[in-house]
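Have a look at the structure below, then the notes.
The values are calculated or read from the model by the stated rules, or taken from the named source; none is laboratory data. Please read all numbers here as calculations on a predicted model, not as lab measurements. Don't worry about glycine lacking a Cβ; one is built from the backbone with ideal geometry, like all the others, and counts go over all protein chains shown. We work out accessible area using only protein heavy atoms, side chains counted, and drop any ligands, DNA or RNA first. Shrake-Rupley method; radii C 1.70, N 1.55, O 1.52, S 1.80 Å.
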Amino acid sequence: MGSTRYSRHLALPEVGEDGQAQLALARAFIVGLGGLGCPAVQYLAASGVGCLVLNDFDRIDESNLARQILYRAEDVGKLKVEVARDRLLALNPSVVIECVPQRLSPEALEAHIAQASVVLDGTDSFATRLAVNEACVKMGVPLVSGAAVRLEGQLAVFTNKGKGPCYRCIYGDEDEWLGNCEGSGVLSPVTGVVGALMAVETLKLLMGIESGLKNQLLLWDAAIGRWREVGLRSKSDCPLCQA
Ligand SMILES: [Zn+2]
């Protein structure tokens, strides 16, 4: 590597030269460059994850600036993935950033996810989440899923190896909790905390560090400052992971 960029990682027994080399070989597919995606991809790029594929068709709106911390006032109207790519390359020129500024068909989503080492989903569209989950289950690619609404955060890691559980086992066909953050509102740094946790779990997955979050849903109530975990179980009639 020849630089001190990753020296604090290399000093960790959990990472070291081997872990850092594994990160450099990884390819992460990120769906949604909003309040969760922005902090998550910054940590992944800064940590030296070799290739980041950014998927978001949205342009930056003024209402995004309060929490989507990759973007500045001057970026309003620009494509999120293009601004994000430029900022991430400025942060770490040694990573590769690919932009996918389209809403993907299920087939195109599968093709992208088939190539990925890991998928991060931080979108506020439940339909997109179900499509991403389906592709991850089919392709056997791990999914790191985060959500933040009001003063509440959620995080789950689905390994998608073996018989579930998958995202659909937990949330079914509709997720009333997720709702829509435009309607419900969200406290800005709550998205930052969940996005940073998504990056932590992603790095652990890529380096093969066992996660205590396996088959667990982590819930955070920022209003009272409490975390709790709920055990996740496969649904015996899930048409995806039990097929
Ligand atoms: Zn399932």
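Annotations
- Scan of segment 51-79 for residues that are surrounded by 19 or more Cβ atoms within 10 Å (Cβ to Cβ) and either assigned to a loop (DSSP other than H, G, I, E, B) or touching a strand residue (DSSP E or B) at 6+ places or on another chain (Cβ under 7 Å) (or both), ordered by number: Leu52, Val53, Leu54, Asn55, Asp56, Ile60, Arg67, Gln68, Leu70, Tyr71
- The set of residues in segment 180-218 that are surrounded by fewer than 17 Cβ atoms within 10 Å (Cβ to Cβ) and of a type in the set (Lys, Arg) contains only Lys214.
- Residues that are under 19 Å from Leu120 (Cα atoms) and open to solvent by 10 Å² or more (accessible area, probe 1.4 Å), drawn from segment 11-25: Gln22, Ala24, Leu25
- Pick from segment 93-124, criterion buried (at least 18 other Cβ atoms within 10 Å of the Cβ) and among the small types (Gly, Ala, Ser), ranking: farthest from Leu54 (Cα to Cα): Ser117
- The residues on offer are Leu104, Leu109, Leu155, and the sole one that is away from the ligand (no atom under 16 Å from the Cβ), among the hydrophobic types (A, V, I, L, M, F, W, C) and assigned to a loop (DSSP other than H, G, I, E, B) is Leu104.
- Any hit, segment 68-78, residues being in contact with a helix residue (DSSP H, G or I) (Cβ under 7 Å, 6 or more places away or on another chain), at pLDDT 95 or above and within 16 Å of the ligand (Cβ to nearest atom): no
- Meets criteria (assigned to a strand (DSSP E or B) and open to solvent by 30 Å² or more (accessible area, probe 1.4 Å)) for Glu174: no
- Only listed residue being of a type in the set (Ser, Thr, Tyr), out of contact with any His (no Cβ under 7 Å at 6 or more places or on another chain) and closer than 19 Å to Gly146 by Cα, chosen from Ser105, Ser125, Ser94, Ser63: Ser125
- Selection status of Glu152, under 18 Å from Ala196 (Cβ atoms), touching a strand residue (DSSP E or B) at 6+ places or on another chain (Cβ under 9 Å), charged (D, E, K, R) and surrounded by fewer than 20 Cβ atoms within 10 Å (Cβ to Cβ): yes
- Listed by first and then second residue, the pairs with beta-carbon distance under 6 Å, at least 6 apart or on different chains, first residue in segment 186-210 and in contact (Cβ under 8 Å) with a residue 40 or more places away in the chain and within 15 Å of Gly48 (Cα to Cα), second among the aliphatic types (A, V, I, L, M) and assigned to a helix (DSSP H, G or I), are Ala199/Ala40; Ala199/Leu44; Leu206/Leu23.
- Residue check, Gly225 within 16 Å of the ligand (Cβ to nearest atom) and of a type in the set (Gly, Ala, Ser): no
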